[in-house]
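The values are calculated or read from the model by the stated rules, or taken from the named source; none is laboratory data. A quick note: this is a predicted structure, and the numbers were derived from the prediction, not measured. Neighbour counts run over all protein chains shown; Cβ positions are idealised from the backbone, glycine included.
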Amino acid sequence: MAKAKETLIPRFEEPASSAPPSAAAASVVGISKRFGKASVLENISFDVGEGEVLVLLGASGSGKTTILRIIAGLEMPYTGKVILHGKDVTELPARERGVGVIFQSYALFPKMTVEKNIGYGLRIRKRKRKEIKETVNELLSLVQLEEHRKKYPSQLSGGQQQRVAIARTLAYKPEVLLFDEPFGALDTQTRVHLRREIRALLKKVNVPSIFITHDQEEALELGDRVAVLNVGHIEQIGTPFEIYNHPATEYVATFLGAANVLDAVIRQDFIEVGSAQIPAPTLDKAKFKPGDCVKIVFRPEDVSLHRGDLPRSTHPRLASAIIEEVAFVGAYERVRLIMEAGPDECKIDETSFLLTTETPDRKPSKSIIATRPKPEASTTQLHAGERVVVALTSFTVLPPQGSKGGN
Amino acid sequence: MRHVRGFDVARPLSIGMLVFMMLPLVFLPLASIFIFGTSNGLDKFWAALTAPEAIFALKLSMATSFWATVFNVIFGLFAAYVLSRYNFWGRNALIVTISLPTAIPTAVAGFALLLLWGPYGTLGRLLAPHGFQIMFTAWAIILANIFVTFPLAFGVIKPVFDTMSHSLEEASATIGATRWQTFWHVTLPSLRGAIVSGALLTFARAVGEFGSTILVSGNLAGRTQTAPLYIFAKFNEGQIEAANAIAIVLALFSFLIFSVLFFARDWLDVD
């Protein structure tokens, strides 16, 4: 994935690397899939490193479940390969792949006790009774379900069932663990608690894992890396830090939490957003040419609001704006503003590109969402109707429209 | 007084009406078998019951019904598996065909079997020169029982298959099980309740079968006479007591099966 981003001000120390830690434990190479005539996956490729947790994040219909089922062997790809620990398993049936799938509903066997469920993989492999017993005991203590060993799945809570499901796959030492929206059926509190628990457990057993989810918060918290899917293709793969702070496309920017997206034009030494000229000395000259229509993306927390003029040394000024609404939303305050002079529709140079996915009559957005932490909100109170100056502490420039997907 | 709080006249009235309507239709006929059958003393009842022909008829009914049940449960399982797992052209037509035998009058069923397997029947004609005679033997009774109870086990098992989560079988496959292991360890245990009730239903129905049996068996006392045929034969001969003794046994037997079906359902489906 090309890192299409530019920042002026680095936020924090950036995590070391976005590459998989070591040799790939599991790889998907050029997978595509069709159901009848409808193409649901287009050329999907990624690696998962040993002990790494990769999250496939996407809305429903993005094809994430299909990817999981292809890796598990429950679905055949149209083209492409699935490689587990160096071995091409594309042609192997599910039962010969040795992957562990944790289904959304857990799919525990209802007529078997917890013990029997966990030992199932070893029983069908005709292991010795003693070995099965030892492994089951080990796993029961790993997932802390020793006192529930004789119970049936229907007698367990959702979280306990999930731990049984994980233990059941760990019993036969899976090549890779696949989690299909594992927290979908649980309430918010349990969900947050469980995903911490599971992340700790996965780090302990060190099995490479792939999660699929549509919940961006979950993806950021669980994943060592996150792949953002959009209608059958990967928009971006990176660490949670990268995809949140340096989204490669508008889709990624807006899918991962709130984001402001404004039209802008590249000029010789600066970026023009409406009447504002934002200096951008580090902009990659090879990627952005003067006259290019681009978009700048910034998070609500990257906006700073000022009454009156900006102090000289602070962040670049974006615009003056009128406050539409001030809302208290718990941990912070959210301010909605309308720019007084918003960006004009970007006039495309005839030669710059022909392929545009943009609807021609689209009006450029003028509204901005900003958030302010509590202390700032209480020292400088703002009210609807007030005029303020908007400055940016950080932003990302998306590559010219049409050069890459994203809508 | 109609509106006394907490008292609704419609309640005792409608319950009373229901019981009264069922009295001549169900309760009295059943009761009369027991009253009449034992009115001449238990000795006579016992003697009628233990007559060699009577014992033979009961045994033959049990045996032929047993084998028909075994066949139809296995067939029903297989058919339910195929028809709920695979979608193919003509699938619905097949489902209807399997269910058809319940709608066909039993005498017609027996007649149809005769036309096929009888000495001059389409297939029977080919088999007869080789010494194979199917009609008028116990085999004919089993065939007739299979035909008339054909969809019963299937009808109970198929809905359970349909509602069974597919992810259980997928989970089993990803864990490493073969299709057969999955069926044996995962699918079959979930079908336990359906299999038992399907079997009981089939058996109860087969034991009582009359219309088709009388046509295909030849009704030979001590050779191909089942319990219902025995009742009919003895009644025709004017031996009411002999007929009545067997009727009591068959009635008690069906009570037993339906109580098991009724009370054991929950027990069979416990997770």
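Overview of results
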read-out	value
Subset tally (residues that are in a loop (DSSP other than H, G, I, E, B) and either free of Cβ contacts under 8 Å to residues at least 24 places away in the same chain or more than 8 Å from chain B (Cβ to nearest Cβ) (or both)) for the range A:114-130	4
Pick from the range A:95-113, criterion over 18 Å from A:D180 (Cβ atoms) and not charged (D, E, K, R), ranking: farthest from the other protein chains (Cβ to nearest Cβ)	A:T113
Residue check for A:I83: assigned to a strand (DSSP E or B) and either in contact with a strand residue (DSSP E or B) (Cβ under 8 Å, 6 or more places away or on another chain) or within 8 Å of chain B (Cβ to nearest Cβ) (or both)	yes
Entirely in the range A:265-354, the strands (runs of 3 or more DSSP E) that have 1 or more residues that are more than 19 Å from A:V389 (Cα to Cα) and modelled with pLDDT of 75 or more	A:270-273, A:293-298, A:317-328, A:332-339
Test: A:S27 is assigned to a strand (DSSP E or B) and at pLDDT below 90	no
Options B:P129, B:P119: the member that is over 20 Å from the mean Cα position of the chain (by Cα), over 24 Å from B:L83 (Cβ atoms), modelled with pLDDT under 85 and in a helix (DSSP H, G or I)	B:P129
Filter result (exposed (fewer than 11 other Cβ atoms within 10 Å of the Cβ) and of a type in the set (A, V, I, L, M)) within the range B:36-54	B:L42
Members of the range B:180-205 found to be of a type in the set (A, V, I, L, M, F, W, C), in contact with a helix residue (DSSP H, G or I) (Cβ under 9 Å, 6 or more places away or on another chain) and either within 10 Å of chain A (Cβ to nearest Cβ) or surrounded by 19 or more Cβ atoms within 10 Å (Cβ to Cβ) (or both), listed by number	B:V186, B:L188, B:L191, B:A194, B:I195, B:V196, B:A199, B:L200, B:L201, B:F203, B:A204
Test: A:K151 is surrounded by fewer than 22 Cβ atoms within 10 Å (Cβ to Cβ), touching a Ser or Thr at 6+ places or on another chain (Cβ under 8 Å) and in contact (Cβ under 8 Å) with a residue 12 or more places away in the chain	yes
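Here's the yes/no breakdown for (1) touching a Lys or Arg at 6+ places or on another chain (Cβ under 7 Å); (2) buried (at least 18 other Cβ atoms within 10 Å of the Cβ); (3) outside the structural domain of A:N230 (by TED's automatic domain parsing); (4) closer than 18 Å to A:R97 by Cα:
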position	(1), (2), (3), (4)
A:Q161	no, yes, no, no
A:V164	no, yes, no, no
A:T169	no, yes, no, yes
A:F179	no, yes, no, yes
A:I198	no, yes, no, no
A:K203	no, no, no, no
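Residue-by-condition table, conditions (1) modelled with pLDDT of 95 or more; (2) part of a helix (DSSP H, G or I); (3) under 26 Å from B:A140 (Cβ atoms); (4) not assigned by TED's automatic domain parsing to the domain that holds B:G155:
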site: B:W46; (1), (2), (3), (4): no, yes, no, no
site: B:E53; (1), (2), (3), (4): no, yes, yes, no
site: B:A63; (1), (2), (3), (4): yes, yes, yes, no
site: B:F66; (1), (2), (3), (4): yes, yes, yes, no
site: B:V70; (1), (2), (3), (4): yes, yes, yes, no
site: B:V73; (1), (2), (3), (4): yes, yes, yes, no
site: B:V82; (1), (2), (3), (4): no, yes, no, no
site: B:N87; (1), (2), (3), (4): no, no, no, no
site: B:V96; (1), (2), (3), (4): no, yes, no, no
